[in-house]
Amino acid sequence: MNRNLNILNQFNILYIEDDKSLLKHTKDILDDFAKEVYAVNTSKEAFEIINCYTIDIIICDILLENENGIDFLKDLKENKKIFIPSILATAHTDTKYLLEAIKLKIDHYIVKPINVKELLNTLHDILLPQIQEKELRKNINVIKTISAITDSKQVEIIKYMISNLDEKNQLFTSYLEIMQKISVSKPTLIKLFKDLASKKILNKIAHKTYFFDEDALNSL
């Protein structure tokens, strides 16, 4: 099965490994694929990263120095109520670790020494549904937005808007920029923006900056 590993460049990875040599080696490889790789040696450092940055997936060694990776993930899920897809890595095949991982509903278990191809494929398989869900939500939003306006000829503009939203559902654009991408008149654009604003779907929050409010779609 051929996987498009380019999708990994949309995600941030937290990698926890107490072997500093292995940590650096694996991070150097992941850096070529991921959006950002945060590499740490301890769960304390891991919590600091989680508190400061958006983490999409965690790779964690089971036996860290003076601590257990499973305990870290258990604390993350059960006590801090933070649910991030996780991959456990270990050089051990002790049954009790496997049973604990299963009980904790870990997304995947990978045996060390880490096979890089296997790791990348595993990351792809875990993260792909997130991209598919996001695309599905975008398509649903296109349909909902179209139903909120009267002129169906504006579909192309709406698709452009939704396709260019950032992670916070913000759109950075101008009438001129849209007109350069799509053959449309300025009056048509102005009318569309006003229609969407009146329904609180597209709200101007700064110069050339708009917020696309999905909640407003749900009330249509």
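The values are calculated or read from the model by the stated rules, or taken from the named source; none is laboratory data. What you see is a predicted model; the values in this text were computed from it and never measured. Here the Cβ is made from the backbone with ideal geometry for all residues, glycine too, and neighbour counts use every protein chain on show.
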Among residues of the stretch 1-53, those that are surrounded by 16 or more Cβ atoms within 10 Å (Cβ to Cβ), more than 21 Å from L128 (Cα to Cα) and among the charged types (D, E, K, R), counted: 2
Which residues, taken from the stretch 90-122, are touching a Phe, Trp or Tyr at 6+ places or on another chain (Cβ under 8 Å) and within 23 Å of T54 (Cβ to Cβ)? L120
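Taking the condition of being loosely packed, with under 12 Cβ neighbours inside 10 Å and within 26 Å of Q10 (Cβ to Cβ), how many residues in the stretch 181-220 meet it?
Looking only at that region, the number is 4.
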Being in contact with a helix residue (DSSP H, G or I) (Cβ under 7 Å, 6 or more places away or on another chain), modelled with pLDDT of 90 or more and within 21 Å of R137 (Cβ to Cβ) is the filter; apply it to the stretch 158-180 and report the residue that is surrounded by the most Cβ atoms within 10 Å (Cβ to Cβ). L171
Can you tell me which condition E67 does not meet? The list is (1) in contact (Cβ under 8 Å) with a residue 40 or more places away in the chain; (2) touching a helix residue (DSSP H, G or I) at 6+ places or on another chain (Cβ under 8 Å); (3) of a type in the set (D, E, K, R), and all the others hold. (1)
If you scan the stretch 168-220, which residues turn out to be hydroxyl-bearing (S, T, Y) and either outside any helix (DSSP H, G or I) or not assigned by TED's automatic domain parsing to the domain that holds I158 (or both)? T173, S174, S183, S185, T209, Y210, S219
In the stretch 105-114, is there at least one residue being crowded, with 17+ Cβ neighbours inside 10 Å and more than 23 Å from the chain's Cα centre (by Cα)? yes
Criterion (surrounded by fewer than 16 Cβ atoms within 10 Å (Cβ to Cβ), modelled with pLDDT of 85 or more and either in the same structural domain as I13 (by TED's automatic domain parsing) or not polar (S, T, N, Q) (or both)) met by exactly one of I70, I87, I82: I82
The stretch 181-209 residues that are without any contact (Cβ under 8 Å) to a residue 24 or more places away in the chain, paired with ones that are of a type in the set (A, V, I, L, M) (beta carbon under 6 Å, 6 or more apart): K200/A216
